[in-house]
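Here's the structure, in structure tokens; my notes come after.
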Amino acid sequence: MTARWFSKNLGDGLWAFSLIDQIRDTFEPLFGQAGRPADMAVFTRYESEGRLQCEVVAYFSPAAADVARALGAQACERPRRDNLDLLAGDAGCWPVLFPDFE
């Protein structure tokens, strides 16, 4: 069974900054306590899905489940890698979390 990812819609791209800061503030201490594992990360993607305004969606890797739950994120499938930006975590997470992309 594959570990679950989590996602949280942060709303309009112009107004998501305070929630992005909240995610970083929640993530960083837990990331440090966990020993900064490469599989613990949070990503964001601007998604429009045909709407005029983009919405920001945050995706939490399975190792960031405690952060996701603390912020009210919902379980989801692993996101597609395209257009993801690393919000929090180690830059070496990409091949660990998306090994089939390389």
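The values are calculated or read from the model by the stated rules, or taken from the named source; none is laboratory data. Being a predicted model, the structure only gives us computed values, none of them experimental. We place every Cβ from the backbone using ideal geometry, glycine too, and count neighbours over all the protein chains shown.
In region 51-102, of all residues being touching a helix residue (DSSP H, G or I) at 6+ places or on another chain (Cβ under 7 Å) and of a type in the set (D, E, K, R), the one that is surrounded by the fewest Cβ atoms within 10 Å (Cβ to Cβ) corresponds to 102.
Taken as a whole, the condition of being more than 18 Å from residue 20 (Cα to Cα) and either at pLDDT 95 or above or over 10 Å from the mean Cα position of the chain (by Cα) (or both) applies to residue 92.
One residue stands out in region 18-44 among those that are within 18 Å of residue 55 (Cβ to Cβ) and under 14 Å from the mean Cα position of the chain (by Cα): the one that is surrounded by the fewest Cβ atoms within 10 Å (Cβ to Cβ), namely 21.
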